[in-house]
Amino acid sequence: MADRGYGQFCPVAMASEVLGTRWTMLVVRELLCGSSRFNELRRGLPRISPALLSKRLNELEELGVVERRCDGERGSPTYYLTEAGEELRPVIMSMGSWGQRWLETQLSLKNLDPSLLMWDMRRNLNPTPLPSRRVTIQFLYQGLTRGQREWWLIVDKAAQHGVVDLCMTDPGHDVDLYVVTELRTMTAIWMGITTVREASDAGRLRLTGTPELASRMEHWLGLSPFAQETKQVTVR
C-alpha cells in the first residue's frame with residue numbers, strides 16, 4: 001500500500017490511503033447497517049466477489065477498524081466495528097447526504113439493482129404500522145428477467161428470529177399486498193425522489209390487496225436514511 005500511497009503526512013491523505021480502496025467504505029457502511037455475517041455483507045454488496053470481500057475484511061481487521069469474533073452457536077466468524085470503526089459513522093452519513101443532495105438523480109437511477117434494493121427495503125422496513133399477524137407483500141418488477149422479477153417480504157411481529165424476511169422464491173403464503181411497478185420507480189420511491197402517491201397517481205405503481213396496507217405503504221416501507229435530504233441539483 002505504501003508504494004501506491006500519496007507520500008504525505010496529512011491525516012486526510014493517510015486516511016484516504018486506507019479507506020479509499022475500492023469497496024472499503026461500502027463494507028464499513030454494511031457493518032454500520034447491522035450486517036455481521038459474511039453472507040449478510042454479500043447481500044448488501046451483491047457485486048463484490050467473496051475473495052475481495054474477505055480481503056477487505058482482513059485489511060480492516062489489521063487496521064483495527066473491524067473485530068472478528070466467533071459465533072459460539074454456529075462456530076462461524078462474525079464481524080463488528082471497533083471504536084475506530086464506529087467513529088466512521090458520521091463520515092459515512094455525511095458522504096451519503098452529500099451524494100443525495102448534490103449528485104444528479106440520473107446518476108443514482110442508472111445503478112439499478114433489485115437484490116440490493118430489496119435487501120435495503122427489508123432492513124429499513126418499519127413493522128409498527130402493520131398488523132400483528134403475519135403479512136406477506138409481493139413485489140413484481142415489470143421488464144426484469146425471471147429470478148429478478150418477483151420478490152416477497154414477509155413480516156411477522158410474533159416471529160422468534162427476526163421480524164422481516166426476504167424471499168426470491170414463492171414462500172407459499174397468501175399474499176396480502178401485490179406491488180407492481182418498474183424497478184426504476186421503486187428505487188426512486190425508496191430514495192425519496194418521488195412518493196408512493198405520486199407514482200400511483202402517474203400510473204407507475206399499482207397496489208392490489210388489503211386496503212390498509214396499500215394506504216399506509218409510505219409508513220411501513222422504510223425509506224433510505226438519506227431520503228429526507230433536499231436535492232440541490234435539478235431532479236430529472
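The values are calculated or read from the model by the stated rules, or taken from the named source; none is laboratory data. Given the structure is predicted, the values throughout are model-derived calculations rather than measurements. Every residue, glycine among them, receives a Cβ derived from its backbone with ideal geometry; neighbour counts consider all protein chains shown.
When you scan the range 136-150, do you find a residue that is in contact (Cβ under 8 Å) with a residue 60 or more places away in the chain, on the phi < 0 side of the Ramachandran plot and of a type in the set (S, T, N, Q), even just one?
no
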Task: Pairs where the first residue, in the range 46-67, is under 12 Å from residue 23 (Cα atoms) and the second is assigned to a loop (DSSP other than H, G, I, E, B), C-beta under 7 Å, 6+ apart - done: 46/113; 48/23; 52/23; 53/45; 56/23
Open item on the list: Being exposed (fewer than 13 other Cβ atoms within 10 Å of the Cβ), modelled with pLDDT under 95 and either touching a Cys at 6+ places or on another chain (Cβ under 9 Å) or under 26 Å from residue 190 (Cβ atoms) (or both) is the requirement here; does residue 106 meet it?
Closed with: yes
Open item on the list: Take residue 61 and tell me if it is of a type in the set (Asp, Glu), closer than 23 Å to residue 111 by Cβ and surrounded by 13 or more Cβ atoms within 10 Å (Cβ to Cβ).
Closed with: no
Task: Condition check for residue 180: more than 24 Å from residue 228 (Cα to Cα), among the aliphatic types (A, V, I, L, M), in a strand (DSSP E or B) and over 19 Å from the mean Cα position of the chain (by Cα) - done: yes
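Among the helices (runs of 4 or more DSSP H) confined wholly to the range 187-230, which include 3 or more residues that are among the charged types (D, E, K, R) and surrounded by fewer than 16 Cβ atoms within 10 Å (Cβ to Cβ)? Don't jump to the end; show me each part of the working.
On the way: elements: 196-201, 211-215, 217-220.
Hits in the range 187-230: 196-201.
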Task: Checklist (1) under 22 Å from residue 130 (Cα atoms); (2) of a type in the set (Asp, Glu); (3) surrounded by 14 or more Cβ atoms within 10 Å (Cβ to Cβ) applied to residue 174, failing item - done: (3)
Task: Odd one out for residue 79 among (1) in the same structural domain as residue 29 (by TED's automatic domain parsing); (2) assigned to a helix (DSSP H, G or I) - done: (2)
Task: Residues of the range 1-46 classified as under 21 Å from the mean Cα position of the chain (by Cα) and either in a loop (DSSP other than H, G, I, E, B) or of a type in the set (A, V, I, L, M) (or both), total - done: 18
TODO: Would you point out which residue out of 145, 181, 169 is among the polar types (S, T, N, Q) and surrounded by 14 or more Cβ atoms within 10 Å (Cβ to Cβ)?
DONE: 181
TODO: Mind listing just one residue for me: the one in the range 109-128 that is under 14 Å from residue 183 (Cα atoms) and part of a loop (DSSP other than H, G, I, E, B) and, of those, modelled with the lowest pLDDT?
DONE: 111
TODO: Go through (1) surrounded by 13 or more Cβ atoms within 10 Å (Cβ to Cβ); (2) touching a helix residue (DSSP H, G or I) at 6+ places or on another chain (Cβ under 6 Å); (3) not charged (D, E, K, R) one by one and return the number of the condition residue 46 breaks.
DONE: (1)
Open item on the list: Exactly one of these conditions fails for residue 131: (1) modelled with pLDDT of 95 or more; (2) part of a loop (DSSP other than H, G, I, E, B). Give me its number.
Closed with: (1)
